[in-house]
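As structure tokens, the structure follows; a few thoughts come after it.
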Amino acid sequence: MDGFSRRASRLRREYLFRKSLEGSERAAYEKKRKIQQALAEGKPLPTELRTESEKLRAESALEDATTELAVDDEYATYDGKPKIIVTTSRQPSSRLMKFAKEVRLLFPGASRANRGGRVLADIVEDAKAGGLTDVVIVHEHRGEPDGMIVSHLPHGPTAYFGLSSTVTRHDIRAAAQRAAAEGGGAGDDDDEQGLANVSEAVPHLIFDNFGTKLGLRVKNILQHLFPSGAKKDGKRVMTFSNQGEFVEFRHHTYTKGKGRGDSLTLTEAGPRFAMRLYKITQGTVDETEAESEFVLRPYLNSKKARRATLG
């Protein structure tokens, strides 16, 4: 599908579907299409369709609900084994390189690639040829990680997140060492803090407050970055908690006492950051003309814009 957007592919399928209809089926389909177009454009319904508009709208909604997954579910063939590559923007700072490595460790089995001088189209093409399922790109501003792009292959979607309040594993380790030194501890044994090595076992995922249609869409994009169906032997937990417009991410490991009633002890493994969704497109990251599914417009004073929240 190189050179063609996902929208073009959908329009082509719709055209072939319309051609396959005959007689009364084609007439009914054309009526439903006219009603949908009028509603989308805010125009009055055609006079000849007003008497049967309610019935046609109900049938159309039912058809949309049943065919959307069959036609537009990008994860319909997902086998529970994502293959992810993590890279950076061009000329990354040392801090962004460290952050990219930490992001790579979040996803079991993922790999990391140096960006070099490659353009996005080459990265996506190579990832498709290698049978990869997702490309994750991290960006920075003046040495501070400030963005993450998650692009699903081969046809999208692509989610664009802004990052803020980023704390790397190195920052967490340094803070733990300072606290240990102030408390009279040695402060130099990373193993005691559980930060020396990061387990790459399949994590337990927690998604909190993703109740809206947009929230479920974002949850679907994020959870497919992790293996499903695998036994979670690793003692680590990843939490995505929606707090208004921001999704707080935390990565912990846990230990449990030997006794039956002993509680769990959480240790933050890092990194930690806040994610803010600002766009979802229906193509891959290299498709500049891909149709936008969602665009954040925080200064647009409209009911629709205020309603577009994750929770």
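At a glance:
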read-out	value
Global form of the range 84-295, assessed from the alpha-carbon gyration tensor, a/c cut-off 1.5	prolate
Charge dipole magnitude, Cβ of K and R +1, D and E -1 - the range 84-295, Cα centre, debye nearest 20	400 debye
Of K219/K279; K235/K256; K81/K219; K83/K128; K98/K128; K213/K279, pairs whose Cα-Cα distance is over 21 Å	K98/K128
Share of alpha-carbon pairs per 10 Å distance bin for the range 79-189, given as whole %	14, 39, 27, 13, 6, 1
Per-pair calculated FRET efficiency, R0 = 30 Å: N209 and T77 via Cβ, rounded to 0.05	0.55
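FYI, it's all coordinate maths here, none of it is from the lab. Keep in mind the model is a prediction, meaning the values are calculated, not measured. Neighbour counts are summed over all protein chains in view; Cβ atoms, including those assigned to glycine, are modelled from backbone coordinates with ideal geometry.
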